[in-house]
Amino acid sequence: MLDTTPLTDAVDQFADRLRAAPESRLQRVAAAEARALARELAARAQSIEDPQAEPREMPDAGLFAVSDQVTVAGRDLALVLTDEAQLAEAVELVQEAQKRAGV
């Protein structure tokens, strides 16, 4: 079984920083980066679970929901990952999104 702790830790850290960010920062760039990350993580999880199906896009639930969306999508992906390379790539995606978000 693959230890996905690095991914869940990275996701939790990003989500915590989003929750603590001021609304102005969320409006500028952080929410958009987080939403894009959540959508990418969700699409990857769906592709692993059912490679034949077209991934559904995570909806825009607003500025204050993006932290929860990142958490849910990241944990969903962590549950289905079986490959170290996929894990490393997902962790890198989260870290890069957090840097771009400025939180």
task = Select, from SER67, SER47, the only residue that is modelled with pLDDT of 95 or more, of a type in the set (Ser, Thr, Tyr) and surrounded by fewer than 17 Cβ atoms within 10 Å (Cβ to Cβ).
result = SER47
ask   = Can you tell me which residues in the range 11-35 are closer than 18 Å to THR71 by Cβ and charged (D, E, K, R)?
value = ASP12, ASP16, ARG17, ARG19, GLU33, ARG35
task = Kindly list, by first and then second residue, each pair from a residue in the range 23-37 that is over 10 Å from ARG100 (Cα atoms) to a residue that is modelled with pLDDT under 95 and part of a helix (DSSP H, G or I), limited to pairs with Cβ atoms under 8 Å and residues at least 6 apart or on different chains.
result = GLU23/LEU63; LEU26/LEU63; LEU26/PHE64; GLN27/LEU63; ALA31/LEU63
note = Given (1) crowded, with 19+ Cβ neighbours inside 10 Å; (2) hydrophobic (A, V, I, L, M, F, W, C); (3) at pLDDT 95 or above, LEU26 misses just (3)
request  = Test VAL91 against the criterion of being surrounded by 13 or more Cβ atoms within 10 Å (Cβ to Cβ) and under 12 Å from the mean Cα position of the chain (by Cα), and give yes or no.
outcome  = yes
note = Within the range 70-88, of all residues that are acidic (Asp, Glu) and open to solvent by 70 Å² or more (accessible area, probe 1.4 Å), the one farthest from ALA34 (Cα to Cα) is GLU84
ask   = Out of curiosity, is LEU41 buried (at least 16 other Cβ atoms within 10 Å of the Cβ) and over 13 Å from the mean Cα position of the chain (by Cα)?
value = no
query = Looking at ALA15, ALA32, which one is at pLDDT 95 or above and open to solvent by 30 Å² or more (accessible area, probe 1.4 Å)?
reply = ALA32
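The values are calculated or read from the model by the stated rules, or taken from the named source; none is laboratory data. This one's a predicted model, so the numbers in the text were calculated from it and none came from an experiment. Every residue, glycine as well, gets a Cβ built from its backbone with ideal geometry; the counts of neighbours run over all protein chains shown. Accessible surface is based on the protein model in full, side chains and every heavy atom, while ligands, DNA and RNA are left aside. Shrake-Rupley method; radii C 1.70, N 1.55, O 1.52, S 1.80 Å.
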